Amino acid sequence: MHNSSIIELLHTKISEYKQYPYMARRQRREGIARIEFVLHPDGSINDAHLVHSSRTRSLDNAAIKAVESIEPFLDAREYLDQPQAFQVDVVFNVL
């Protein structure tokens, strides 16, 4: 349960920083990009990279940027005592 709490917090924070690329939205492109990264107890993030593509390069790039933008993720100090790898799905849906 401890791990699911930090994942929920990560998803929430990433969603705050996620920016839908203009042309992808205009072309009604949707997808899910899975990003893996290492989160450190001090909130720093290393090695954010694409694990599974949304099949649209601009969405993939926006997903990586959203993950990198949450740094420093200060909530990490409450959950981690050593660096840990995470994978998160960043979802892009045209509403």
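Go through the residues of segment 78-87 one by one and say whether even a single one is in contact (Cβ under 8 Å) with a residue 24 or more places away in the chain, under 15 Å from the mean Cα position of the chain (by Cα) and in a helix (DSSP H, G or I).
No, there is no match, as no residue in segment 78-87 is in contact (Cβ under 8 Å) with a residue 24 or more places away in the chain, under 15 Å from the mean Cα position of the chain (by Cα) and in a helix (DSSP H, G or I).
So, of the residues in segment 10-23 that are in contact with a strand residue (DSSP E or B) (Cβ under 7 Å, 6 or more places away or on another chain) and not in a loop (DSSP other than H, G, I, E, B), which turns out to be surrounded by the fewest Cβ atoms within 10 Å (Cβ to Cβ)?
His11
I'd like the full set of residues that are open to solvent by less than 40 Å² (accessible area, probe 1.4 Å) and within 15 Å of Leu10 (Cα to Cα), limited to segment 58-91.
Once the filter is applied, which keeps residues that are open to solvent by less than 40 Å² (accessible area, probe 1.4 Å) and within 15 Å of Leu10 (Cα to Cα), segment 58-91 yields Ala63, Ile64, Ala66, Val67, Ile70, Phe73, Ala76, Leu80, Phe86, Val88, Val90.
Can you tell me which residue is farthest from Glu16 (Cα to Cα) among those in segment 41-61 that are touching a helix residue (DSSP H, G or I) at 6+ places or on another chain (Cβ under 8 Å) and part of a helix (DSSP H, G or I)?
Ser58
Quick one: Arg55 ticks every box in (1) open to solvent by 80 Å² or more (accessible area, probe 1.4 Å); (2) touching a strand residue (DSSP E or B) at 6+ places or on another chain (Cβ under 9 Å); (3) under 10 Å from Gly43 (Cα atoms) bar one, so which box is it?
Every condition holds for Arg55 apart from (3).
Quick one: is Arg34 outside any helix (DSSP H, G or I) and surrounded by fewer than 12 Cβ atoms within 10 Å (Cβ to Cβ)?
It is false that Arg34 is outside any helix (DSSP H, G or I) and surrounded by fewer than 12 Cβ atoms within 10 Å (Cβ to Cβ).
Among the residues of segment 39-52, how many are β-branched (Val, Ile, Thr) and crowded, with 16+ Cβ neighbours inside 10 Å?
The number of residues fulfilling the criteria is 1.
Arg28 fails exactly one of the following numbered conditions: (1) part of a loop (DSSP other than H, G, I, E, B); (2) under 17 Å from Asn93 (Cβ atoms); (3) open to solvent by less than 80 Å² (accessible area, probe 1.4 Å). What is the number of that condition?
It is condition (3) that Arg28 fails.
The values are calculated or read from the model by the stated rules, or taken from the named source; none is laboratory data. Please read these numbers as outputs of a predicted model, since none were measured by experiment. Virtual Cβ from ideal backbone geometry, glycine too; neighbours counted across all protein chains shown. Areas reflect the complete protein model, heavy atoms only, side chains present, ligands, DNA and RNA absent. Shrake-Rupley method; radii C 1.70, N 1.55, O 1.52, S 1.80 Å.
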